[in-house]
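Undergrad: Here it is, the structure, as C-alpha cells.
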Amino acid sequence: MSTDHIRYDLLARDALRGVLRRVLTDAAEQGLPGEHHFFITFMSKADGVKISPRLLAQHPEEMTIILQHQFWDLTVSEERFEVGLSFGGIPERLVVPFNSIKSFYDPSVQFGLQFEPAETETAAADMPPGAPSPAVPSPAVLAVPDTPSPPAAAETEDKPKPSEGAEVVRLDRFRKK
C-alpha cells in the first residue's frame with residue numbers, strides 16, 4: 001500500500017469542519033432559519049474546551065449541547081465557537097474548539113457530521129516526516145432522509161444529558177426498518 005503524502009483524510013476533515021464553522025457563523029449573524037437546530041457533541045476535557053467545573057463533573061468525557069431556542073452570544077472564530085446556554089436554570093458560557101467536536105447533527109434536515117477524536121488527530125500530526133501515515137478515518141457525512149428526530153426529551157438545553165451510562169446515539173437507530 002502506498003503512503004498518502006497529501007493526507008486526504010486531514011483535508012476532508014478540515015473541509016467538513018469548515019462546513020460546521022460556516023453554519024455556526026450564519027446562525028450567529030442571522031439566527032437559526034426555519035426549524036433548524038443543532039446537536040453538537042464534544043469532548044469535555046479536550047484542549048481549549050472551557051466549561052464550568054459543575055458541568056465537567058456532570059459530563060467528564062463528552063457533552064452534547066443543543067442550539068435551538070435558548071442560546072445567546074454565539075461567536076465563531078477560526079478555531080472555536082463560544083455560546084451562552086442555561087443548564088438547570090443556571091447560565092453558562094461554553095468555549096468549544098472545533099477540533100474537540102465529535103459530532104454535529106441537524107435533525108430538521110437529517111444532516112450530520114461525525115469526527116474522529118482529537119487524540120487520533122494529534123497522533124497523526126506528531127508523526128515524524130516520512131513515516132507512514134496512521135490509519136485516520138475520514139469524518140463521516142451522515143445524511144439520512146426520512147429519519148424521525150431524536151426523542152423530544154433531548155431537545156432542551158435546560159436538561160443536560162447525564163454522563164453516567166451515556167451512550168453514543170447512531171443515526172441507524174432512527175432509520176425506518
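Just so it is clear, none of the values below were taken in a lab; they were calculated from the coordinates. Bear in mind the structure is a predicted one, so any value in this text is a computation, not a measurement. With ideal geometry, Cβ positions are generated from the backbone for all residues, glycine too; neighbour counts draw on all protein chains shown.
Undergrad: Report, by chain and number, residues whose modeled amide H sits under 5 Å from the one on residue 81, excluding near sequence neighbours (fewer than 5 apart, same chain).
TA: 96, 98
Undergrad: If you don't mind, another one. Using a Förster distance of 41 Å, how high is the FRET efficiency between residue 5 and residue 82, based on the Cβ-Cβ distance and rounded to 0.05?
TA: 0.70
Undergrad: Let me ask something else about it. Near the amide H of residue 37, under 5 Å away, which other amide H atoms are found, from residues 5 or more places off or on another chain, if H is placed in the peptide plane?
TA: Residues meeting the criterion, in which the H sits 1.01 Å from N, are 108.
Undergrad: Let me check I have the definition right: for the stretch 1-124, take the eigenvalues of the Cα gyration tensor, multiply each by 5, take square roots. What are those semi-axes in whole Å, largest first?
TA: After scaling each eigenvalue by five and taking roots: 26, 19, 12 Å.
Undergrad: OK, next. Please give the net charge around residue 51, taking every other residue with its beta carbon less than 10 angstrom from that of residue 51, where Lys and Arg add +1 and Asp and Glu add -1.
TA: Net of charged neighbours comes to +3.
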